[in-house]
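Novice: The structure that follows is given in the form of structure tokens.
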Amino acid sequence: MRPDAQEICGELVLPLEEAEQIPEALRGKTWLWLPRVLFGQREQTAAQAIEKAAAMGFLGFEAENFAHLELCRGLPLSGRFGLNLANALAAVQWMEPGCKALSFSPAATLRPM
């Protein structure tokens with residue numbers, strides 16, 4: 001018997017645009033990845049999709065840039081590598097507004113400053 005996604009995945013990251021297609025059983029373990037670039041109508045469309053998805057039981061949203069903080073104010077956030085985090089000071093700045101997890105830039109080193 002083949003295991004289903006609920007049995008083999010701890011957490012998922014899927015695009016915000018696919019929120020409505022994600023089965024309800026998987027929403028509690030799914031982060032929604034926000035569009036990296038938002039200008040004009042795309043920002044308004046994303047804001048509406050975020051508002052709708054926030055009531056659907058997802059873990060939260062994956063931020064890629066500073067504008068995502070405003071769009072997701074008060075909602076669970078995780079910071080992706082698009083934030084270009086390279087040191088602990090930058091990480092602290094993103095944790096204060098509510099990021100629960102962060103991905104550091106691939107160029108970052110683990111050496112203390």
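Novice: Around residue 63, which amide H atoms from residues at least 5 apart in sequence, or from another chain, sit under 5 Å from its own amide H, with H modelled in the peptide plane?
Specialist: For residue 63, whose amide H was placed from the backbone, the distant partners under 5 Å are 78, 79, 80.
Novice: Rounded to the nearest percent, how much of the accessible area of the chain (1.4 Å probe, protein heavy atoms only) is carbon and sulfur?
Specialist: 57 percent
Novice: Rank 81, 58, 39 by mean-square fluctuation in a GNM of the chain with C-alpha springs under 10 angstrom and give only the top-ranked residue.
Specialist: In the Gaussian network model the winner is 39.
Novice: Is it possible to state the helix-based mean residue ellipticity at 222 nm for the chain, with each DSSP H run of 4+ residues giving -39500 (n - 2.57), the sum divided by total residues, to the nearest 500 deg cm²/dmol? What is it?
Specialist: Calculated at 222 nm, the ellipticity per residue is -7500 deg cm²/dmol.
Novice: Shifting gears a bit: Once you order the gyration tensor axes a ≥ b ≥ c over the Cα atoms, which shape class does segment 40-89 get: rounded for a/c under 1.5, otherwise prolate or oblate by comparing a/b with b/c?
Specialist: oblate
Novice: What percent does the relative contact order of the chain come to when contacts are Cα pairs within less than 8 Å and at least six residues apart?
Specialist: Result for the chain is 19 percent.
Novice: What accessible surface, in Å², does a 1.4 Å probe find on residue 85, ignoring ligands, DNA and RNA and rounding to the nearest 10?
Specialist: Estimated to the nearest 10 Å², residue 85 gives 0 Å².
The values are calculated or read from the model by the stated rules, or taken from the named source; none is laboratory data. Since the structure is predicted, the reported quantities are computational estimates derived from the model, not experimental observations. Areas reflect the complete protein model, heavy atoms only, side chains present, ligands, DNA and RNA absent. Shrake-Rupley method; radii C 1.70, N 1.55, O 1.52, S 1.80 Å.
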